[in-house]
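The values are calculated or read from the model by the stated rules, or taken from the named source; none is laboratory data. Since we're looking at a predicted model, the values are computed, not measured. Every residue, glycine among them, receives a Cβ derived from its backbone with ideal geometry; neighbour counts consider all protein chains shown. With ligands, DNA and RNA removed, areas are computed over all heavy atoms of the protein, side chains included. Shrake-Rupley method; radii C 1.70, N 1.55, O 1.52, S 1.80 Å.
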Amino acid sequence: MGQLSKHIRILEELGYEYLYLEGGMADITEEKLKELEKIRKEIQECKKCDLHKYRTQPVLGEGNPDARLVFVGEAPGGDEDKQGRPFVGRAGKLLTKLIEEAGHKREEFYITNVCKCRPPKNRTPTPWEMEACFPYLKRQLEIIKPKVVCLLGGTAARAFLGRQVSITKERGSVINWNGYILYLTYHPAYVLRNPSAEQTLLEDIKKAIQLAYSD
Ligand code: SF4
């Protein structure tokens, strides 16, 4: 129990509000949290691309550092930029709702973006901005070691695959990439604009979760 209290205190200090426990605290290591925190500090100082000029604060990501599934969007929006948390605006609320409809909790997974700073007027990040920021995401994945990375939208998919992706044609694709399983689906913001796609996004989230938990 002493060890558990220590872990919880570290998580609280790092700003974690939720804790999802799977198979005991042994899976949540101090090392992972410390490594993620190092990245948080680095991005606070980062000026590798022009997006640093427009941010209120960078948004690292949040969730279970031992997640089997990581959701990746393209970049923070206005709400995320203000709060310093990923997927907390309308699109984020939809993502959270769909995860719950799939029978899970948001805190069970890790949620982040390709770019850690908000692009002006929420424009799509440029390929150069994504390339500049990608090493941070790559390090997050190396620390968390998820089985599945669910790419939300064509922009996130492009950052991983290095090519244009038509998400309406390629959603549902399962791609092996550097030891991870990539699962491509819609960005929840697309679903807000196209409500008929909500059921498809829900089914995709269920499939990504299924893949993450299958041995
Ligand atoms: S978007 Fe990424 S690379 Fe660009 S300034 Fe922010 S943290 Fe640095």
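Structural remarks
- Selection count, the stretch 173-200, where residues are free of Cβ contacts under 8 Å to residues at least 60 places away in the same chain, surrounded by 15 or more Cβ atoms within 10 Å (Cβ to Cβ) and under 24 Å from K93 (Cα atoms): 8
- The single condition among (1) more than 17 Å from Y186 (Cα to Cα); (2) out of contact with any strand residue (DSSP E or B) (no Cβ under 7 Å at 6 or more places or on another chain) that G63 does not meet is (2).
- Of residues in the stretch 58-87 being over 11 Å from the mean Cα position of the chain (by Cα) and closer than 18 Å to T124 by Cα, the one farthest from the ligand (Cβ to nearest atom): D79
- The set of residues from the stretch 128-144 being without any contact (Cβ under 8 Å) to a residue 40 or more places away in the chain and within 13 Å of the chain's Cα centre (by Cα) comprises F134, K138.
- Lone qualifier among I28, I99, I39, I43 - being modelled with pLDDT of 90 or more, crowded, with 18+ Cβ neighbours inside 10 Å, over 30 Å from R193 (Cβ atoms) and β-branched (V, I, T): I39
- The stretch 37-56, residues that are touching a residue at least 60 places away in the same chain (Cβ under 8 Å) and part of a helix (DSSP H, G or I): I39, E42, I43, D50, L51, H52
- Screening P120 with (1) under 22 Å from E35 (Cβ atoms); (2) within 16 Å of the ligand (Cβ to nearest atom); (3) surrounded by fewer than 21 Cβ atoms within 10 Å (Cβ to Cβ) gives one miss only, at (1).
- A residue that is part of a strand (DSSP E or B), more than 16 Å from R68 (Cα to Cα) and within 16 Å of the ligand (Cβ to nearest atom) occurs somewhere in the stretch 103-113.
- Failed item, numbered, when E62 is tested on (1) touching a helix residue (DSSP H, G or I) at 6+ places or on another chain (Cβ under 7 Å); (2) of a type outside the set (K, R); (3) within 15 Å of F109 (Cβ to Cβ): (1)
- If only residues of the stretch 64-94 that are of a type in the set (G, A, S) and part of a helix (DSSP H, G or I) are counted, the one that is least open to solvent (accessible area, probe 1.4 Å) is G92.
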